[in-house]
Each structure stands twice: as C-alpha cells, then as structure tokens.
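Peer 1: Here's a structure for you.
Taken together, the values in this text are just the output of simple stated rules run on the coordinates, not laboratory data. Treat the numbers as computed from the prediction; the structure is a model and nothing was measured. When we count neighbours, we look across all protein chains shown, and the Cβ atoms used for this are built from the backbone with ideal geometry, even at glycine.
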Amino acid sequence: MTEADLDRLTNETLELLQALIRNECVNDGSYESGHEDRSARLLENELEGLGLDIERYETGPGRSSLVTRYHGTDPTAPALCLMGHTDVVPVTPEGWDRDPFGGELIHGEVWGRGAVDMLNLTSSMAVVFRHIVKSGKRYPGDIIYFAVADEEAGGIHGAKQLLDEQWDHLKCDYVLTEFGGIPVSTSLLLTTAEKGVGWRRLHVEGTPGHGSMPYMTDNALVTAAEIVRRIAAYDPGARLDSLWEQRVRAMNLGPELSEKLLDPGSIHEVLALMPPALARNTHSCSHTTFSPNVIHGGVKTNVIPDRVSIDVDVRTLPGETSADVDAHLKTALGDLYERVRTEILQDEPATASPTDNPLWSALEKAMARPYPELTLVPSLVTGGTDSRFFRQKGAIAFGAGLLSPQVSAEDFLMRFHGHNERIDVESLRLTTQLWLDVVELLWD
C-alpha cells in the first residue's frame with residue numbers, strides 16, 4: 001500500500017469517526033437509551049454497494065447492531081471478526097473544553113465522547129473492511145464486521161443476546177476489539193484478558209419518621225453512608241499472577257520497584273509514587289475492586305428515609321467467583337452486613353485468551369513494523385468488553401489498536417469515560433495500518 005492510499009484510508013477513518021461521535025449514541029444503562037440505530041444505519045450506508053449481505057439486528061427500540069461477512073476461499077480456515085461498539089457513556093458537558101459531541105479536529109486530534117472508547121476502532125475497522133472487499137482480494141478465512149450496541153451497559157441488549165440468537169451469522173475463531181497497542185517503556189500492551197463483573201445492589205432498610213426529630217432514629221441513609229464508607233475503605237489484598245508479573249516487567253521500573261510490585265505486602269508503596277492514572281490502573285490490575293457509584297433513597301426533605309439502595313461496581317480478578325464477591329462484602333461491611341439485602345445485577349467471571357496462536361503471531365509481526373524496538377506483552381483490562389461473550393463461545397479474542405508516541409499510557413487511561421476525550425490522527429493512521437497488516441499476516 002502506498003503512503004497516498006494510507007493517507008486516504010486514514011482520512012476516511014477520521015471522517016467516519018467524527019460522524020459516529022456526532023450521532024450521540026449515549027447509553028446511560030436504561031433500556032430506552034443508546035439509540036445505536038443511528039450509527040448502525042450510518043455504517044450500513046458506508047458499506048452499501050459491496051455486494052455483501054448486511055444484517056441489522058434490533059434488540060430493542062432504536063437498539064440496532066450491524067453484521068456483515070466477507071467470505072474466504074477456504075471454509076475450513078479460521079474466521080476473523082472485527083468488532084466495535086457504537087454506544088458511548090454519558091458526559092458532563094461543563095467539564096469539557098469542547099463540544100463533547102462535536103467531533104472537532106483540533107491540532108491533529110479528534111475530540112468527542114467515544115473518540116477513545118471505542119469509536120476510533122469501530123470506524124477504522126469499517127474503513128479497512130470496506131477497502132478489503134472493494135479490492136476484490138480474498139483470504140482463506142472469512143472476515144466479519146460487527147458493529148454492536150449496548151457494550152457500555154454490559155452487552156445485555158447487544159453482543160450477549162446476539163451471540164445467543166445469531167451465532168450462525170457471527171461464528172468466528174478470532175476476534176479483534178478494544179483495546180491495546182499501548183506503548184509502555186520498552187513494551188506494547190495488548191489485552192488478552194479482562195476482569196469479571198460482579199455488580200451488586202445493596203438494599204438498606206430503616207424506619208421512617210419526621211425529619212424534625214432525627215435523634216435515635218433508624219435512618220436508612222445514615223446507615224447507607226457508613227456502608228459506602230466501609231466499602232470505599234476496604235482492601236481485599238493484592239492477588240498477583242503470571243500476567244501481572246509480565247506487566248510489571250514491561251513497565252521497566254528497575255529491580256527495586258519491580259520487586260516491590262511483585263510483593264503483595266509492599267505493592268502500595270509503589271502505587272503511592274505513580275501518577276494517579278497509572279496508579280489507578282495498576283491497582284485495578286492487581287486487586288478485586290469495589291466502587292460504590294450509585295445511590296437511591298429518600299422521598300422528601302422532611303421524611304427520614306426507610307429505604308436506600310447502593311449500586312456497587314465490583315470487578316473480579318481471574319479465579320474469583322460470585323461467592324468470593326459476597327464473602328468480600330461480608331468482610332468489608334462487618335456487623336452491617338446483616339442490615340443489607342444483596343441483589344445481583346451482573347455476575348460474570350474473568351475471561352482470558354491464550355497467546356500461542358496465529359492471531360497473536362500476526363499481531364506481533366504487524367506491531368513490530370512501526371515499533372520494531374518494542375515487545376508485545378499480554379495484559380489484563382480492568383473494565384468489561386464484549387470479548388467475554390466470544391470467549392465463552394470458544395473464540396480467541398484480543399483487544400488491539402495502536403497508539404502513537406504522542407499519547408502516553410497515563411493520558412490514554414485518563415481519557416476513558418473522562419472529560420476532554422480525544423484521539424490523535426497519527427493513532428488513527430497506525431491503527432488503520434494495523435488492521436490491514438494483521439489480515440495480510442493471519443492466513444500467511
């Protein structure tokens with residue numbers, strides 16, 4: 001491919017990314033949100049005229065996902081799915097320096113919600129898929145493009161449902177999705193595993209009364225406040241495995257700090273020295289985490305509340321179970337555990353994919369082209385992705401992409417679900433080239 005061709009594809013990726021951002025497919029977790037049909041129709045228009053069957057599956061009003069398949073020459077060859085979600089999380093506009101849904105190109109960066117998570121990948125995958133089909137070149141295995149709804153709310157109305165109902169249309173051996181290709185010291189981190197999800201809703205009850213007489217009352221909100229405090233203060237302890245050790249070695253912090261990070265008893269000493277974004281991610285990769293994020297309760301200012309609920313985002317490390325989550329909560333809450341009724345919102349274990357396969361080899365070779373001096377290292381992602389649903393079907397799934405040196409790991413992590421989310425055009429170019437190279441190398 002010539003530089004001019006790559007320039008053209010990068011520009012197409014940029015323009016499609018801007019359009020996807022402007023579609024404002026905000027998923028607040030409610031069934032009525034998302035409106036991913038806007039982007040499913042946009043992508044359908046982008047892929048029309050290729051001579052392929054394009055299916056849009058609606059899992060709820062306005063909740064559409066798109067699937068299309070480019071058949072290979074050998075039905076027995078492994079199939080590759082390029083998967084990107086089209087929904088984004090809500091924003092607080094006041095915290096942004098630019099319109100979060102403007103998709104503006106400013107000083108070589110595209111600004112907007114979803115620019116990093118993960119519309120940059122969704123757009124580049126669509127552009128590369130279209131380019132491959134238009135070229136007429138066929139590969140041994142099928143290539144599937146899957147633009148999916150509802151990833152930001154756990155995939156219940158997206159990948160989970162569609163893989164259960166439409167596996168014949170989505171069946172594949174390999175999946176590339178979010179996120180990876182992050183330069184860290186002498187390494188490139190690529191996601192091979194993700195933490196489990198153990199979301200819980202804690203129901204707290206008290207006794208109602210008049211707000212003017214709070215003395216010696218059983219105020220459910222006051223009890224809930226102490227429960228939140230205990231969860232926030234709880235330390236479940238570090239659990240370190242071989243994936244963690246590879247990550248620590250990749251950070252290249254020197255022998256003394258590296259050894260401390262490999263010791264559960266001294267890991268917090270090093271975390272305290274790190275930049276906040278890197279410390280948060282490093283902590284989450286080595287601990288099961290508990291984050292109380294939503295609270296509902298009370299009916300009126302002058303009524304002592306008798307019912308409060310607390311939603312806790314629990315992310316488990318590989319090997320931990322639903323029973324382990326409940327045991328952690330019991331330890332964290334102590335005597336208040338008996339005051340709580342626990343409701344399971346989501347409960348899925350951590351998943352991982354092996355690296356001894358042709359897809360990993362293709363990624364190693366492809367990423368070595370722009371970064372010959374860096375070593376590809378498997379990594380755990382702390383948030384959930386739709387990879388887990390494919391892994392449960394037996395597919396190998398990696399989070400990939402390729403960031404330019406302009407974006408540090410700390411900046412990249414801070415932009416996830418944060419203010420002023422943006423991606424640089426050079427990263428779009430590198431990622432577009434990556435997909436092209438992986439397809440060329442996978443069946444070589």
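Peer 1: Given H placed 1.01 Å from N in the peptide plane, which residues other than close sequence neighbours of SER187 have an amide H under 5 Å from its amide H?
Peer 2: HN-HN under 5 Å from SER187: THR375.
Peer 1: Same structure again: Could you work out how much longer the chain between ASP7 and HIS417 gets when fully extended? Use 0.36 nm per residue separation minus the Cα distance between them, nm to one decimal.
Peer 2: So the chain would gain 144.7 nm between ASP7 and HIS417.
Peer 1: While we're on this one: Quick one: dipole size for region 196-344, taken about the Cα centre, charges +1 on Lys/Arg Cβ and -1 on Asp/Glu Cβ, in debye to the nearest 20.
Peer 2: Here the size comes out at about 380 debye.
Peer 1: Need one number: nm distance between label points at THR92 and SER266, each 7 Å from Cα along Cα→Cβ, rounded to one decimal.
Peer 2: 3.8
Peer 1: While we're on this one: Measure off 7 Å from each Cα along the Cα-to-Cβ vector at GLN166 and MET216, then give the distance between these two points in nanometres to one decimal.
Peer 2: In this crude label model, GLN166 to MET216 measures out at 6.3 nm.
Peer 1: Now for a different question. Which is farthest toward the positive dipole end of the chain among PRO349, HIS131, ILE182, measuring Cα position about the Cα centre, with Cβ charges +1 (Lys, Arg) and -1 (Asp, Glu)?
Peer 2: PRO349
Peer 1: With +1 on the Cβ of every Lys and Arg and -1 on the Cβ of every Asp and Glu, and nothing else charged, how large is the dipole of the chain about its Cα centre, in debye rounded to the nearest 20?
Peer 2: Result for the chain is approximately 320 debye, rounded to the nearest 20.
Peer 1: What FRET efficiency, computed as 1/(1 + (r/R0)^6) with R0 = 45 Å and r the Cβ-Cβ distance, is obtained for ASN293 and ARG138, rounded to the nearest 0.05?
Peer 2: After rounding, the FRET efficiency stands at 0.45.
Peer 1: What does the extension gain come out to for THR321 and ARG41, with contour length at 0.36 nm per residue minus their alpha carbon separation?
Peer 2: 96.9 nm
Peer 1: Once the Cβ-Cβ distance between GLU15 and LYS300 is put in as r, and R0 is 35 Å, what FRET efficiency do you end up with, to the nearest 0.05?
Peer 2: 0.10
Peer 1: I would also like to ask the following. Among DSSP bridges having both ends in the chain, what percentage is antiparallel? Round to the nearest 5.
Peer 2: Expressed as a percentage, antiparallel bridges in the chain total about 70.
Peer 1: Within the chain, what is the number of lysine pairs with alpha carbons under 22 Å apart, leaving out pairs fewer than eight places apart on the same chain?
Peer 2: Eligible lysine pairs with Cα atoms under 22 Å apart amount to 8.
Peer 1: Here is a follow-up. Going 7 Å from the Cα of GLN392 in the Cα-to-Cβ direction, what parts of region 327-346 have a backbone nitrogen less than 18 Å from that spot?
Peer 2: From region 327-346, the list is 344-346.
Peer 1: Picking from THR289, GLY211, ALA233, whose Cα lies most toward the positive end of the charge dipole for region 196-344 (charges on Cβ: Lys, Arg +1; Asp, Glu -1)?
Peer 2: GLY211
Peer 1: Of all trypsin sites (Lys or Arg not before Pro) in region 252-336, which ones are in loop regions per DSSP and have a Cβ with at most 13 other Cβ atoms within 10 Å?
Peer 2: Sparse-neighbourhood loop trypsin sites (Lys or Arg not before Pro): LYS300.
Peer 1: Please quote Rg/Rh for region 196-344 to two decimal places, taking the Kirkwood radius as Rh and restricting both calculations to Cα atoms.
Peer 2: 1.10
Peer 1: Just grab the label-to-label distance for ASP356 and GLU440, each label 7 Å out from Cα along the Cβ direction, in nm (one decimal).
Peer 2: For the pair ASP356/GLU440, the computed spacing is 3.0 nm.
Peer 1: A follow-up question, please. Which Cα, out of CYS81, TRP111, GLY384, lies furthest along the positive dipole direction of the chain (beta carbon charges, K/R +1, D/E -1)?
Peer 2: GLY384
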